[in-house]
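Quick notes on the structure that follows.
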Amino acid sequence: MISPTLPFELKAALDGKLQGFSRTDAAQRSQKISTTYRAGGGSGTIRSEADALAYALARMPATYAAVAASLNALTEIAPDLVPETLLDVGAGPGTASWAAAEAFPSLQDFTLLDANATLSRLALELARDSTRLAECRYLPGDAGANLAQASQADLVIASYIIGELSEGDQRSLADAMWTKARHALVVIEPGTPAGYARILALRQQLITAGAFVAAPCPHEKPCPLTAPDWCHFSQRLPRSQAHRQIKGADVPFEDERFIYVALTRTPPESRASRVLAPPDLGKAEITAKLCTEGGVATTKVPRRDRAAYASARRWRWGDAVLSES
């Protein structure tokens, strides 16, 4: 399991770029970019080096934490997955590649795709002195077009990208990414109802194409949740002083809400139920909402069952709970 905090090499590279960089200017640029994303826009507003750095300072920590949590879930269910090649689709400043390098020491070859040339330059600068990513390849231009030219990879990751596309382009990209994924595909989106809907559509499309769900679902059946409920998770991460200044935040941490799906070519050897919300720790019992192979279940673990209770006390939102079967 890898930490949700940025690895030392990445943090050092970002800190180096911060020298002489105005926090006030970064905060203003970050706010403008965030407003564009919330309005349904993409990375087109990131045009200058300062824009790219402001975006990275504001969003890289949370994006990294979400990708790290998603990859942790995949490695827990598929411990035998040992990818050597990575394809990072919509890579931006390279966040998912850094997380994958931490999660999989076996990775040797990193290919990144993104349409934003400014973000690609920043990604290469941040990776320049990395022991793992210094030799990464960045293919600029439209990811959909370049994906057809890219070689297959053991692992394909797309983080916070499909929401920038039309519904038809989302379906096309999903098919293309699955074609390029030799062993596994991981897609991460914001933990909003809209992000959940996009993940559900991609999940069903690729199950139909032969994919198996490793995480977070313990099955390939339709999602058992009904509106207004939706599946999403939360990862807490610490905020640096610079991060707090840029975000205009007082609290020393951030909670990133996200949703993901990890798909594999072969069925998982074991299935795990998933904790769908923070468990309720009562005086007499622990109550947890779980997604199981049979659907959503409310599980109660009494205090008198000491071993089970001690185990359930460690459950956190998003955790896998191995099925007894």
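The values are calculated or read from the model by the stated rules, or taken from the named source; none is laboratory data. Because the structure is a prediction, the values reported are computed rather than measured. Please note: Cβ atoms are built from the backbone with ideal geometry, for glycine as well, and neighbour counts cover all protein chains shown. With ligands, DNA and RNA removed, areas are computed over all heavy atoms of the protein, side chains included. Shrake-Rupley method; radii C 1.70, N 1.55, O 1.52, S 1.80 Å.
Tabulated values for the structure
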read-out: The range 197-318: projected area of the alpha-carbon convex hull, averaged over directions, in nm²; value: 10.5 nm²
read-out: Stokes-Einstein translational diffusion, the range 121-190 - Kirkwood Rh over all Cα pairs, 0.890 mPa s, 25 °C, in µm²/s; value: 183 µm²/s
read-out: Positive-end residue, the chain charge dipole about Cα centroid, Cβ charges, pick of TYR64, PRO140, PHE212; value: TYR64
read-out: Dipole magnitude of the chain, debye to nearest 20 (Cβ charges: Lys/Arg +1, Asp/Glu -1, about Cα centre); value: 940 debye
read-out: GluC sites (Glu not before Pro) restricted to DSSP loop in the range 110-173 with at most 11 other C-beta within 10 Å; value: GLU135
read-out: Calculated FRET efficiency for the pair ASP250/ALA277, C-beta based, R₀ 30 Å, to 0.05; value: 0.70
read-out: Residue among ASN116, THR85, SER234 farthest towards the positive dipole end of the chain, charges placed on Cβ; value: SER234
read-out: Kirkwood hydrodynamic radius of the range 137-226, from inverse mean 1/r over distinct Cα pairs, in Å; value: 13.8 Å
read-out: Gaussian network model of the chain, Cα within-10 Å springs - most flexible of ALA58, ALA101, ALA284; value: ALA284
read-out: Residues of the range 69-88 with amide N under 18 Å of a point placed 7 Å along Cα→Cβ from ARG265; value: 75, 78-88
read-out: Distance (nanometres) between label positions extended 7 Å along Cα→Cβ at ALA307 and ARG128; value: 5.7 nm
read-out: For the chain, the fraction of alpha-carbon pairs in successive 20 Å shells from zero, as %; value: 32, 58, 10, 0
read-out: Whichever aspartates and glutamates have a C-alpha closer than 16 Å to that of LYS17, once near sequence neighbours (fewer than 8 apart) are set aside; value: GLU9, ASP25, GLU49, ASP51, GLU125, ASP129
read-out: Whole-Å distance, taken between Cα centres, linking the range 193-236 and the range 269-325; value: 20 Å
read-out: Dipole axis of the chain (+1 Lys, Arg; -1 Asp, Glu on Cβ), positive-most option in GLY191, ALA181, LEU202; value: GLY191
read-out: Taking the C-alpha atoms of the range 179-245, convex hull volume expressed per residue in Å³; value: 144 Å³
read-out: Quarter of the Cα convex hull surface for the range 55-138, i.e. its orientation-mean projected area (nm²); value: 5.0 nm²
read-out: Where labels lie 7 Å past Cα in the beta-carbon direction, separation of THR287 and LYS221 in nm; value: 2.3 nm
read-out: Helical segments meeting 18 Å axial Cα length and Kyte-Doolittle 0.0 threshold in the chain (DSSP H); value: 49-77, 193-208
read-out: Euclidean distance between Cα centres, the range 129-186 to the range 53-125, Å; value: 11 Å
read-out: Estimated dipole of the range 43-99 in Debye, rounded to 20 [Cβ of Lys and Arg +1, of Asp and Glu -1, Cα centre]; value: 260 debye
read-out: Area accessible to solvent at TRP317, 1.4 Å probe radius, in Å²; value: 50 Å²
read-out: 5 angstrom amide H check on ALA277, placed H, neighbours 5+ away; value: LYS289, GLY318
read-out: Simple Cβ-charge dipole of the range 102-207, Lys/Arg +1 and Asp/Glu -1, about Cα centre, in debye nearest 20; value: 160 debye
read-out: Mean residue ellipticity (222 nm) of the chain, computed from DSSP H runs ≥ 4 via -39,500 (n - 2.57), nearest 500; value: -12500 deg cm²/dmol
read-out: Where a label projected 7 Å from the Cα of THR5 along Cα→Cβ would reach, residues of the range 95-133 with amide N under 19 Å; value: 98-103
read-out: Listed residues ARG239, ARG271, ARG47, most fluctuating in the chain (Gaussian network, C-alpha, under 10 Å); value: ARG47
